[in-house]
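Peer 1: Quick one: the structure is below, questions incoming.
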Amino acid sequence: EPEVTQTPSHQVTQMGQEVILRCVPISNHLYFYWYRQILGQKVEFLVSFYNNEISEKSEIFDDQFSVERPDGSNFTLKIRSTKLEDSAMYFCASSERGAQYNEQFFGPGTRLTVL
Amino acid sequence: ELKVEQNPLFLSMQEGKNYTIYCNYSTTSDRLYWYRQDPGKSLESLFVLLSNGAVKQEGRLMASLDTKARLSTLHITAAVHDLSATYFCAVRPTNNDMRFGAGTRLTVKP
């Protein structure tokens, strides 16, 4: 069964460093998403991406964040200068369509720890 | 401000008992999602409810949606230990955005 994959599973970085989190969405899906979940808290929407551009973003997704689809398979989230409060689980998701029947499939997540 | 409120946030129940988790939301949305998350794991889609009055059942879980009341319920019948997890509801205020509730952490005890 096709699934969303994410690498790395765990990333440890120093405050102020740049990190890139990688995702490979399900191959025939066209809509891609990033979410984050601070430990023990709810899942928060960051950004959605379609047709090589951002469709929507939340207030969390500020200038420190960027997304890219560098090739036909990968979807990346970059944090330019990490802060302690960026420590969280980051989930990538994809869906076949962005319309009414949209069901999003989530990847296993990347745990980001900022020291 | 969009709010998605779940209650209870913590639920401890005995095996074999029934219980209902509630999800209220403050914006118009004709779609509601229920997800399950096991500790340290990703989110598993349980139900997608697309219209008012929709009811879906899978095993011991049944979800319903009342768009007029902006309320969804997740009913657990004859709980078993394997159902222990955190359950999230989520709504879609726009086509490309999904907002989650805080989650209900369910523990089923023998």
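A short reminder: the numbers here are calculations on the coordinates, not readings from a lab. Bear in mind that the values here come from a model prediction, so they are computed numbers and not experimental data. Backbone-built Cβ (ideal geometry, glycine too); neighbour counts: all protein chains shown.
Peer 1: If R0 is 30 Å, what FRET efficiency do you get for residue A:13 and residue B:44 from their C-beta distance, rounded to 0.05? Intermediate values should be presented prior to the final figure.
Peer 2: On the way: r = 28 Å, r/R0 = 0.95.
FRET efficiency, residue A:13 to residue B:44: 0.60.
Peer 1: Still on this structure: Can you compute the charge dipole magnitude of region B:4-109 about its Cα centre, using +1 on each Lys and Arg Cβ and -1 on each Asp and Glu Cβ, nothing else charged? Give it in debye, rounded to the nearest 20.
Peer 2: Working: 12 positive and 9 negative charges, 19 e Å.
Around 100 debye, computed over region B:4-109.
Peer 1: Then there is this: Whose amide H sits under 5 Å from the amide H of residue B:47, counting only residues 5 or more places off or on another chain, with H placed in the peptide plane?
Peer 2: B:34
Peer 1: Which pairs break 21 Å Cα to Cα here: B:17/B:109; A:57/B:3; A:57/A:83; A:57/A:78?
Peer 2: Values: B:17/B:109 10 Å; A:57/B:3 17 Å; A:57/A:83 19 Å; A:57/A:78 14 Å.
Result: no pair exceeds 21 Å.
Peer 1: Further question: Measure off 7 Å from each Cα along the Cα-to-Cβ vector at residue A:96 and residue A:83, then give the distance between these two points in nanometres to one decimal.
Peer 2: Roughly 4.0 nm, to one decimal.
Peer 1: Mind listing the phi-derived Karplus ³J(HN,Hα) values for region B:31-46, rounded to whole Hz, using 6.51, -1.76 and 1.60 with θ = phi - 60°, and x for any glycine or proline?
Peer 2: Result, rounded to whole Hz: 9, 9, 10, 10, 10, 10, 9, 8, x, x, 10, 7, 9, 10, 5, 9.
Peer 1: Let me ask you something else. Once R0 is set to 35 Å, what does the formula 1/(1 + (r/R0)^6) return for the Cβ-Cβ distance between residue B:80 and residue B:2, expressed as a FRET efficiency to the nearest 0.05?
Peer 2: On the way: r = 34 Å, r/R0 = 0.97.
So, using R0 = 35 Å, E works out to roughly 0.55.
Peer 1: Then there is this: Counting other C-beta atoms within 10 Å, which of A:36, A:80, B:70 has the fewest, and how do the rest follow?
Peer 2: The order, fewest Cβ neighbours first, is A:80, B:70, A:36.
Peer 1: Could you tell me which residue out of A:88, A:26, A:12 lies farthest along the dipole of chain A toward its positive end? Charges go on the beta carbon: Lys and Arg +1, Asp and Glu -1, centred on the Cα centre.
Peer 2: A:12
Peer 1: How many percent of all Cα-Cα pairs in chain A sit more than 25 Å apart?
Peer 2: Working: 989 of 6555 pairs.
Counting every Cα pair in chain A, those more than 25 Å apart make up 15 percent.
Peer 1: I would also like to ask the following. Determine which lysines satisfy two conditions relative to residue B:41: a Cα distance under 19 Å, and not lying fewer than 8 residues away in the same chain.
Peer 2: Within the straight-line cut-off, residue B:41 pairs with A:42.
Peer 1: In debye, nearest 20, what is the charge dipole magnitude of chain A about its Cα centre with +1 on Lys and Arg Cβ and -1 on Asp and Glu Cβ, if you could check? Walk me through the intermediate numbers first.
Peer 2: Values: 10 positive and 15 negative charges, 46 e Å.
Here chain A has a charge dipole of around 220 debye.
Peer 1: Lys and Arg at +1, Asp and Glu at -1: add these up for the other residues within a Cβ distance under 14 Å of residue A:29 and post the number.
Peer 2: Numbers: positive: A:69, A:97; negative: A:1, A:3, A:96, A:103.
Local net charge: -2.
Peer 1: Also: How far apart, in nanometres, would the label points at residue B:27 and residue B:57 be if each is projected 7 angstrom from Cα along the Cα-to-Cβ direction?
Peer 2: 3.3
Peer 1: Please report, in debye to the nearest 20, how large the charge dipole of the protein assembly as shown is about its Cα centre when each Lys and Arg carries +1 at its beta carbon and each Asp and Glu carries -1 there. Write out the running numbers ahead of the final one.
Peer 2: Details: 23 positive and 25 negative charges, 108 e Å.
Once rounded to the nearest 20, the dipole reads 520 debye.
Peer 1: From other protein chains only, count the Cβ atoms within 10 Å of every residue's Cβ in B:37-49, then give the mean.
Peer 2: Numbers: counts 5, 0, 0, 4, 4, 13, 11, 2, 5, 0, 1, 5, 0.
Mean shielding by partner chains, rounded to a whole number: 4.
Peer 1: On average, how many beta carbons from a partner chain sit within 10 Å of the beta carbon of a residue in A:32-45? Don't skip to the end; give the middle numbers.
Peer 2: Working: counts 0, 3, 0, 4, 0, 6, 0, 0, 3, 3, 10, 11, 3, 8.
Average neighbour count from other chains, rounded to a whole number: 4.
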